[in-house]
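Before any comments, here is the structure.
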Amino acid sequence: MPRLFEPLNLGRLRLPNRIVVAPMCQYSARDGAATDWHLMHLGALAISGAGLLILEATAVGAAGRITAADLCLYEDSHETALARVLAALRTCSPIPLALQLAHAGRKASTRVPWEGGAQLAPDAPGGWHAQAPSAYPFAPGQAAPLALQEQGLAEIRDQFAAAARRAARCGFDGLEIHAAHGYLLHEFLSPIANHRSDVFGGSLANRMRFPLEVFDAVRAAFPADRPVWVRISASDWIAGGWDVAQSIEFARALESHGCAAIHVSSGGIAPTQSIPLGPGYQVPLAREIRQHCSLPIIAVGLITQAAQAEGILERGEADAIALARAMLYDPRWPWHAAAELGAQVSAPRQYWRAAPREHARLFRDAST
């Protein structure tokens, strides 16, 4: 059995293999609610044969949206629409489903990417005040965010917990908390964005305090038998910023708080970052964290080939492999990986006749 197709447990949730569909924002919600686009997009990924499907970053409050077209989960209409999508997915696939809960922090109030992605000033049509640990904008020339005070922090913590309860009612099998890519929780962690002088800034312990409080609130609000884990940026790729050594300490702290896994990404805190892009460029970060933490580690980032993914697992650099754009380009990536590595993969019976003759035993029943 190739390592890529061995089962993996995230807490009590058993994944049939180690291929994870990473959360990918679609910027296609209507007033925060999932639409038919989400049904079609997620439906294709749900029958991909992957071991876990994580839905896109979902805002826990209006100020925490990246764009006005973000998927949200803070109103009844959001919950109703998302529950409809999940019910449809469950009729065609048994794939475990997770949701990524997020707050955009100072990177909020922007246009959708295909309209340029520029920030909308608070007083511009469709814009709003972004929130952050400190009143420092993401990029020069942008409007400064509002520095969060005690009441605002409590409100956001409660929003995460409320969204977790809604996600549980929708039927999600797990939750991922977004603490990466320069969004709010990452901003608290990084000295690049966090210039506070109170108990939420300065030392590493202080900078970790609010993200850990949010994790605890989500963990308490979500059913105990379903896992909660965290996606982090393990490096800011900026001198003096958040780095892998601090990420290891954060991972250890999360483990002690009941976290089920660490999803290791990087970057996003500021435009001055210098990322050494290349195949599997974030895998060394995942490996370092895995060597100092007993939680399952999910690696992600320019992992596109089956042999590449298998090698990462065989060398013990990670416990699971997440794919994003590679899955958009090839929604049957797990099928092709199974064929290449000599494994079986779940697929709907309606598609079994698609298997080439040389891979006649490629598919197994998606219900098992």
Taking first residues from segment 55-76 that are touching a residue at least 60 places away in the same chain (Cβ under 8 Å) and farther than 24 Å from residue 118 by Cβ and second residues anywhere that are of a type in the set (Asp, Glu) and surrounded by fewer than 24 Cβ atoms within 10 Å (Cβ to Cβ), the pairs with Cβ under 8 Å that are 6 or more apart or on different chains are 73/79
Check your understanding: Is at least one residue of segment 230-248 more than 25 Å from residue 280 (Cα to Cα), more than 19 Å from the chain's Cα centre (by Cα) and surrounded by fewer than 21 Cβ atoms within 10 Å (Cβ to Cβ)?
Key -> no
Within segment 64-77, restricting to residues that are outside any loop (DSSP other than H, G, I, E, B) and under 19 Å from the mean Cα position of the chain (by Cα), the one that is farthest from residue 108 (Cα to Cα) is 72
Going through segment 328-357 in order, the residues found to be free of Cβ contacts under 8 Å to residues at least 40 places away in the same chain and either within 18 Å of residue 42 (Cα to Cα) or not in a loop (DSSP other than H, G, I, E, B) (or both) are 329, 330, 336, 339, 340, 349, 350, 352, 353, 354, 357
Within segment 297-327, the residues that are of a type outside the set (Val, Ile, Thr) and assigned to a strand (DSSP E or B) are 299, 320, 322, 323
The residue that is farthest from residue 32 (Cα to Cα), considering only those in segment 112-129 that are in a loop (DSSP other than H, G, I, E, B) and under 21 Å from the mean Cα position of the chain (by Cα), is 117
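Okay, residues lined up against (1) within 22 Å of residue 217 (Cα to Cα); (2) buried (at least 17 other Cβ atoms within 10 Å of the Cβ); (3) among the small types (Gly, Ala, Ser); (4) touching a residue at least 40 places away in the same chain (Cβ under 8 Å):
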| site | (1), (2), (3), (4) |
| --- | --- |
| 99 | yes, yes, no, yes |
| 110 | no, yes, no, yes |
| 119 | no, yes, no, no |
| 122 | no, no, no, no |
| 131 | yes, yes, no, yes |
| 135 | no, no, yes, no |
| 149 | yes, no, no, no |
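Quick note: the coordinates plus some simple rules give every number you see, no bench work behind them. Because the structure is predicted, anything quoted here is derived from the model rather than measured. Cβ: placed from backbone, ideal geometry, glycine included. Neighbour counts: every protein chain shown.
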